[in-house]
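The values are calculated or read from the model by the stated rules, or taken from the named source; none is laboratory data. No experiment lies behind these values; they were computed from the predicted model shown. We place every Cβ from the backbone using ideal geometry, glycine too, and count neighbours over all the protein chains shown.
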Amino acid sequence: MSTVWMNQLSWLDYEARIKRDQPPIFLPVGALEQHGPHLPLGTDGLLSAAVAADTAALVGGLVAPTLSYGYKSQPKCGGGQHFCGTTSVDAATLIGSVRDAVREFARHGATKLVIVNGHYENQWFLIEGIDLGLRDLGPATKLQVMRLEYWDFLTEATLASVFPNGFPGFALEHAAVIETSMMLHYHSSLVRIDLIPDDGPADFPPYDVYPTRKNWVPLSGVLSSAKGSSAQKGAVMAAELAERMAAAVSHEFS
């Protein structure tokens, strides 16, 4: 069966692929988090999985089911925990899930694991999960793990073309032009074009306060304007991401 999706294979077909090809296994990680009035709650997971699948197709890899619950949404990059629908996990939960996944893929006989993060707040807890998983396996393990945030593979030239009036930065791009354009490319039926907001950019102070100041965040949950999003921009970014991520995976695991 020709597919990049691990969960569409039988265990025998999966085992054969592992033994014969030693494919890189891609593990997308997202979140269940508000993405404004125009994007679905599962945007982070949907995009990390889509980018992982495009990349896997270029390098002969397999894509594992997405870890769909992420670390707690923060006001300055995700709007915060006060939005209905945002469903987050504690750091220890995410760390444990990644730690277990690292051990399990090693048990399968995999030697290459690529964790593709689609939720800004996850980063340090993915690193901890990887570190603990590899520590559990010990120095004799053959498993190598690569971790990345997919947006880091966008070039300055592409960002300049997507943002002709200036790039606001990845943290403020929550539910804005990058994610909206890529969702229009990958999952256009899930985007409410008529509800795309024109908020922001949000103006945050250089400190945090707890409990969170809800009034710091636009009511829509979008941190900078999503106007100017298009499926064409999404296609350009998706192609660049897959090509450059595939090159990085091939280089590290050659």
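Can you confirm whether Gly133 is small (Gly, Ala, Ser) and either surrounded by fewer than 20 Cβ atoms within 10 Å (Cβ to Cβ) or in a helix (DSSP H, G or I) (or both)? So Gly133 fits the description; yes. Picking from residues in segment 116-130 that are in contact (Cβ under 8 Å) with a residue 60 or more places away in the chain and in a helix (DSSP H, G or I), the one that is surrounded by the fewest Cβ atoms within 10 Å (Cβ to Cβ) is Glu121.
Considering only segment 118-150, how many residues are of a type in the set (A, V, I, L, M, F, W, C) and more than 19 Å from Glu252 (Cβ to Cβ)? Summing the residues that are of a type in the set (A, V, I, L, M, F, W, C) and more than 19 Å from Glu252 (Cβ to Cβ) in segment 118-150 gives 4.
Within segment 241-254, one or more residues are modelled with pLDDT under 95 and out of contact with any Pro (no Cβ under 6 Å at 6 or more places or on another chain). Within segment 89-115, how many residues turn out to be surrounded by fewer than 19 Cβ atoms within 10 Å (Cβ to Cβ) and touching a residue at least 40 places away in the same chain (Cβ under 8 Å)? Number satisfying all stated conditions: 3. Being hydroxyl-bearing (Ser, Thr, Tyr) and touching a Gly at 6+ places or on another chain (Cβ under 7 Å) is the filter here, so list the residues in segment 195-254 that pass it. Across segment 195-254, the qualifying residues are Thr212, Ser220, Ser224, Ser225. Only one of the listed residues (Leu58, Leu46, Leu41) is aliphatic (A, V, I, L, M), touching an Asp or Glu at 6+ places or on another chain (Cβ under 9 Å) and farther than 30 Å from Tyr210 by Cβ. That residue is Leu58. In segment 79-94, the count of residues that are over 30 Å from Pro201 (Cβ atoms) and modelled with pLDDT of 95 or more is one or more. Just give me the residues in segment 138-148 being in contact (Cβ under 8 Å) with a residue 12 or more places away in the chain and surrounded by fewer than 17 Cβ atoms within 10 Å (Cβ to Cβ), in sequence order. Those that are in contact (Cβ under 8 Å) with a residue 12 or more places away in the chain and surrounded by fewer than 17 Cβ atoms within 10 Å (Cβ to Cβ): Thr141, Lys142, Gln144.
If you go through segment 203-248, how many residues are among the β-branched types (Val, Ile, Thr) and crowded, with 21+ Cβ neighbours inside 10 Å?
Residues in segment 203-248 being among the β-branched types (Val, Ile, Thr) and crowded, with 21+ Cβ neighbours inside 10 Å: 2 in total.
With the condition kept exactly as written, say whether any residue in segment 158-173 is within 24 Å of Glu121 (Cβ to Cβ), in a helix (DSSP H, G or I) and touching a Ser or Thr at 6+ places or on another chain (Cβ under 6 Å). Scanning segment 158-173 turns up at least one residue that is within 24 Å of Glu121 (Cβ to Cβ), in a helix (DSSP H, G or I) and touching a Ser or Thr at 6+ places or on another chain (Cβ under 6 Å). Among the residues of segment 1-35, just one is loosely packed, with under 14 Cβ neighbours inside 10 Å, within 24 Å of the chain's Cα centre (by Cα) and touching a residue at least 24 places away in the same chain (Cβ under 8 Å), namely Asn7. In segment 136-155, which residues are within 20 Å of the chain's Cα centre (by Cα) and part of a helix (DSSP H, G or I)? The answer is Tyr150, Trp151, Asp152, Phe153.
Looking at this structure, is Leu190 in contact (Cβ under 8 Å) with a residue 60 or more places away in the chain, under 22 Å from Leu41 (Cβ atoms), surrounded by fewer than 17 Cβ atoms within 10 Å (Cβ to Cβ) and not acidic (Asp, Glu)? Even if it seems obvious, please write down each step before you answer.
Numbers: in contact (Cβ under 8 Å) with a residue 60 or more places away in the chain: yes; under 22 Å from Leu41 (Cβ atoms): yes; surrounded by fewer than 17 Cβ atoms within 10 Å (Cβ to Cβ): yes; not acidic (Asp, Glu): yes.
Yes: the conditions hold for Leu190.
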